[in-house]
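Trainee: The structure follows.
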Amino acid sequence: MKVYTYSEARQHLSSILNIARTEEVIIKRRGGDTFSIIFRKSEKSPFDVPGIQTKATTNDILDAIKESRGRFAEQGAPGYTK
């Protein structure tokens, strides 16, 4: 367990967070209050989403994207040109 003053923690927060990955870190304030930093690993990624079952092929998807972009270009949407 490592102990830092509030001022030290403010100045070196990035490295203190790295230390907290392997051990508990305590930050003490002038008034005597203490705070504990403990690393908690995320259970799963926010990008870990269930897939869907479809018969669409990669080419089907790419064709749909091209068609959609073509419609945007025809409407004069910003960032799209014919």
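Trainee: Scan segment 1-14 for residues that are surrounded by 11 or more Cβ atoms within 10 Å (Cβ to Cβ), among the small types (Gly, Ala, Ser) and within 22 Å of Lys41 (Cβ to Cβ) and jot them down. Explain how you work it out, then say what you get.
Mentor: So the first thing to find is which residues in segment 1-14 are surrounded by 11 or more Cβ atoms within 10 Å (Cβ to Cβ), and the list is 2-13.
If we keep only those that are among the small types (Gly, Ala, Ser) as well, we get 7, 9.
If the condition is that a residue be surrounded by 11 or more Cβ atoms within 10 Å (Cβ to Cβ), among the small types (Gly, Ala, Ser) and within 22 Å of Lys41 (Cβ to Cβ), then Ala9 is the only one that fits.
Trainee: Scanning segment 18-64 for residues that are closer than 15 Å to Thr5 by Cα, within 27 Å of the chain's Cα centre (by Cα) and not aliphatic (A, V, I, L, M), which turns out surrounded by the fewest Cβ atoms within 10 Å (Cβ to Cβ)?
Mentor: Only one residue tops the list, namely Ser36.
Trainee: Another one. Quick one: would you say Ile26 is in contact (Cβ under 8 Å) with a residue 12 or more places away in the chain and either part of a helix (DSSP H, G or I) or in contact with a Pro (Cβ under 9 Å, 6 or more places away or on another chain) (or both)?
Mentor: Values: in contact (Cβ under 8 Å) with a residue 12 or more places away in the chain: yes; either part of a helix (DSSP H, G or I) or in contact with a Pro (Cβ under 9 Å, 6 or more places away or on another chain) (or both): no.
The answer is no for Ile26.
Trainee: I've got another one for you. Would you confirm, using the coordinates I've provided, whether Ile52 is modelled with pLDDT under 95, in a helix (DSSP H, G or I) and among the hydrophobic types (A, V, I, L, M, F, W, C)?
Mentor: Working: modelled with pLDDT under 95: yes; in a helix (DSSP H, G or I): no; among the hydrophobic types (A, V, I, L, M, F, W, C): yes.
No, not satisfied.
The values are calculated or read from the model by the stated rules, or taken from the named source; none is laboratory data. If you're wondering where the values come from, they're calculated on a predicted model, not measured in any experiment. Neighbour counts are summed over all protein chains in view; Cβ atoms, including those assigned to glycine, are modelled from backbone coordinates with ideal geometry.
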